[in-house]
1. With the condition kept exactly as written, say whether any residue in segment 114-122 is in contact (Cβ under 8 Å) with a residue 24 or more places away in the chain and over 19 Å from PRO11 (Cα atoms).
2. Can you name every residue in segment 113-131 that is aliphatic (A, V, I, L, M) and open to solvent by 20 Å² or more (accessible area, probe 1.4 Å)?
Amino acid sequence: MTNPRDQHPVPPAADPSFTPPSIGRRFGALLIDWILCLLLSRIFADPVRDGWAPVLVLILEYGFFIGPFAQTPGMYITRIRCVHWLDGGRIGVLRGLLRGLLLALVVPALVMDTHRRGLHDRAAHSVITPA
C-alpha cells in the first residue's frame, strides 16, 4: 500500500489494489479477543451468570487498543490492523468504542461490502488491513 514515487502510504479507499485480509484471520482475531475478554471479566463478574461483563470488556478493549494502537491483542497475533478508511491512519478512541459497540451487536459484522467492511466498519469509517 505505498506509492513507489514518494513512499507515502496510500489510504485503502484510494488504493485500487487493496485486498482485505481473509474472514478467517478476522474471526481468529475476534476469537482470541473474546477469550481474553472472558478471562478479564472474571476479575469483577462471573461471565456465565453476568453475560454483560465480557461484552463490556470487549467494547472497552476495542476503544483502548484500536483507537491509539490500531490493533487489539487478537489482531496483533493474526497480523491485521484497523485503520481509517479514507486516510489509513488511526481511528481514535471514540470510533474504536463505536466499532466495538456495534460489533457486540453481531449483526452489523455480518453485513459486508466488497472490501469486507461490515456496518460497524462503515459507521466508524474504518477498514481491516494486513499489518
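1. Within segment 114-122, none of the residues are in contact (Cβ under 8 Å) with a residue 24 or more places away in the chain and over 19 Å from PRO11 (Cα atoms).
2. First pass over segment 113-131, keeping only residues aliphatic (A, V, I, L, M): 119, 123-124, 127-128, 131.
Once the filter is applied, which keeps residues that are aliphatic (A, V, I, L, M) and open to solvent by 20 Å² or more (accessible area, probe 1.4 Å), segment 113-131 yields LEU119, ALA123, ALA131.
The values are calculated or read from the model by the stated rules, or taken from the named source; none is laboratory data. The structure presented is a predicted model; accordingly, all values stated were derived computationally and were not measured. In this analysis, Cβ positions are derived from the backbone assuming ideal geometry, glycine residues included, and neighbour counts consider all displayed protein chains. Protein only, heavy atoms only, side chains kept; ligands, DNA and RNA dropped before computing areas. Shrake-Rupley method; radii C 1.70, N 1.55, O 1.52, S 1.80 Å.
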